[in-house]
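I am attaching a structure below and will ask some questions about it afterwards.
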Amino acid sequence: MKQKSIIYLLFVMALLLAGLVARAAFSVSISPTSGPPGTVVTVTTSPDYGGLTTCYANGSPIGGSGATYTVPNGVSSVTFYCEAGTGEFYERTNDAVFTVIQP
């Protein structure tokens, strides 16, 4: 009985670790990372969940992975992040910040 409990405990720990690794692996990157107003920024997620991903620029939805965003006048930075899934399968990426360089 004790051996069975240890096996269950190891199994649960492995599942928890796998969940943490999967969550840490969903990330966003932007290109370029700085520029003047009017710069077109491309947002990319890794992995790419296709139509299941929604990306945001300063909290406003802009589309999925591969979406582009034109930096407006009057902002000093734009924060990008993406989300995928719902409920227990929900994942959010890190933040990627575009820094506006005034001409």
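Here, each number is a calculation from the coordinates, and none is a lab measurement. This is a predicted model, so every value here is computed, not measured. We place every Cβ from the backbone using ideal geometry, glycine too, and count neighbours over all the protein chains shown.
Write down the percent of antiparallel bridges among all DSSP beta bridges whose residues are both part of the stretch 27-100, to the nearest 5.
Antiparallel bridges make up about 90 percent of those DSSP assigns within the stretch 27-100.
Calculated FRET efficiency, R92 and Q3, Cβ-Cβ r, R0 41 Å, to nearest 0.05?
0.55
So for the pair T39, N58, with labels modelled 7 Å out along Cα→Cβ, what separation do we get in nm?
In this crude label model, T39 to N58 measures out at 1.5 nm.
Okay, moving on. So if I take the alpha carbon set of the stretch 27-100, get Rg, then get Rh from the Kirkwood formula, what is the Rg over Rh ratio?
Expressed as Rg/Rh, it is 0.98.
Using a 7 Å offset from the Cα along the Cα-to-Cβ direction at both S31 and T79, what is the distance between the two label points in nm, to one decimal?
2.5 nm
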